[in-house]
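Here the structure comes first, spelled out in structure tokens, and everything after it is commentary.
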């Protein structure tokens, strides 16, 4: 799923805040609170594992659930992601409903639209 597809899958039920890359996402995290973060491992500027590691260093986001949606599934990459603080690993391709279900699992108390 591309970033636009992720947004479309979630925007009917959640307030979605997008970032173009890992560095922008980290910058936004310094100024905004998130209930769940969805990221890819292969992002421009700053990769997903580095992003998650640095996100975990922000006290306000140390416990925020992070779901990775990626084509990467090797044991080595998954282990590095888990060590950085990834909570759930979803391998592409995946369905929009699968993504929504994963977000709901980590954020069941979020106010949903509709």
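Coordinate-derived values only; no laboratory data. A quick note: this is a predicted structure, and the numbers were derived from the prediction, not measured. Quick reminder, even Gly has a Cβ in these numbers, built from the backbone with ideal geometry, and neighbours come from all protein chains shown.
Points worth noting:
- Residue in region 75-86 that is within 10 Å of the chain's Cα centre (by Cα) and in contact (Cβ under 8 Å) with a residue 12 or more places away in the chain present: yes
- Yes/no for residue 63 being farther than 22 Å from residue 14 by Cα and either in contact with a strand residue (DSSP E or B) (Cβ under 9 Å, 6 or more places away or on another chain) or free of Cβ contacts under 8 Å to residues at least 40 places away in the same chain (or both): no
- Per-region count, region 49-69, residues touching a helix residue (DSSP H, G or I) at 6+ places or on another chain (Cβ under 7 Å), buried (at least 18 other Cβ atoms within 10 Å of the Cβ) and not in a helix (DSSP H, G or I): 5
- Scope region 30-39; condition surrounded by fewer than 21 Cβ atoms within 10 Å (Cβ to Cβ) and touching a strand residue (DSSP E or B) at 6+ places or on another chain (Cβ under 8 Å); matching residues: 36
- Hey, residue 76 more than 27 Å from residue 13 (Cα to Cα) and part of a helix (DSSP H, G or I) or not: yes
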